[in-house]
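Participant: What follows is a single structure, and I will ask about it in a moment.
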Amino acid sequence: MGNTYDVIIIGAGPAGLSAGLYTSRARLSTLLLEQKTPGGQVMNVERVENYPGLANVTGTELGSSMLKQAREYGAKLAMAEATGVAVAPEQIAVRTSAGDYRCSALIIASGAHPKKLNVPGEEEFANKGVFYCATCDGAHFANKVVAVAGGGDSAITEALNLCRIVSEVVIIEIMPALTATSVLQDRAHANPKIEVLCGVKIEAILGDERVKSLQLLDTETQQRGTLDIDGILVHVGRMPSTDYLKGVVPHDKNGFILVNDWMETEVPGIFAAGDVRHNSAMQIVSACGDGAVAAISVCKKLRAG
């Protein structure tokens, strides 16, 4: 077989692993490509409380279990970064940091990465107080004051996780109100360690060798001020990880891949699933569903061919 497979799946997060489970169970030779951590970003989640049937499981446990199950049915894993895709009439070629692979069907499940604030100081203080993952870097801020930029589900979840480590969390949301689900908002407002600032824009991140403060703008009064902090967790949305796909498949204005209800792109043989696709719910359970649908579509396509 060499470097040729029935199916290649770019990304070994929940969407990719779900797809890999289905295709390998269908006896299709399957290769999962992952450049970072097998299991995906769920491996950084301290507790998963909304995955049906598992009331309280760590992200590491869930991601590792998904990977183990897919591999038990024959899915192969290669640690490599996808750098390009070329479509030919009979096969699809995937260029990676570890060499080229070929397949009859390609499922793109490369996910999305945190969007940046793009304000002065963000790049300068990266890893010097500016961070993007509470589970990965929160321990560096024990008993310190940390700001969380963002008011959605992910941001509030990360803020609540930080409360176990830091002395105070200040949630800063540019919108007039938090956008997270009511349950998470209630938990945040009830936590004595959390202060919520809505209608506030972060204009700059200030410091010397490390982050020291934020320059803030009240969007209603237009008054400016500063907030002393020791670090800032940025959680203001996601951007699709699709740089390697330029000109290959259609996408929306934000770069998310356009698919139909069966996770098919307009390019025959190429499918997309999970956070990388247009209108994704950005949830673990929906990513798994996407992966299953994409895999079923692949099975139908290859059997029909």
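Participant: Anything in the range 52-71 that is under 17 Å from Glu34 (Cβ atoms) and not basic (Lys, Arg)? List them, or say none. Steps first, answer last, please.
Facilitator: In the first step, residues of the range 52-71 are kept if they are under 17 Å from Glu34 (Cβ atoms); the result is 59-60, 62-71.
Correct list: Gly59, Thr60, Leu62, Gly63, Ser64, Ser65, Met66, Leu67, Gln69, Ala70.
Participant: Right, another one. Go through (1) within 19 Å of the chain's Cα centre (by Cα); (2) surrounded by 16 or more Cβ atoms within 10 Å (Cβ to Cβ); (3) more than 26 Å from Asp290 (Cβ to Cβ) and name the single condition Lys116 misses.
Facilitator: (3)
Participant: Consider Glu72 carefully, then state whether it is charged (D, E, K, R), over 15 Å from Gly291 (Cα atoms), at pLDDT below 95 and over 14 Å from the mean Cα position of the chain (by Cα). Reasoning before the result, please.
Facilitator: Numbers: charged (D, E, K, R): yes; over 15 Å from Gly291 (Cα atoms): yes; at pLDDT below 95: no; over 14 Å from the mean Cα position of the chain (by Cα): yes.
When the stated conditions are applied, Glu72 does not pass them.
Participant: The conditions are (1) closer than 30 Å to Asn279 by Cα; (2) surrounded by fewer than 20 Cβ atoms within 10 Å (Cβ to Cβ); (3) in the same structural domain as Glu122 (by TED's automatic domain parsing); (4) in contact (Cβ under 8 Å) with a residue 60 or more places away in the chain, and Ile202 fails exactly one of them. Which is it?
Facilitator: (2)
The values are calculated or read from the model by the stated rules, or taken from the named source; none is laboratory data. The shown structure was predicted, so the numbers you read here are calculated from the model rather than taken from an experiment. With ideal geometry, Cβ positions are generated from the backbone for all residues, glycine too; neighbour counts draw on all protein chains shown.
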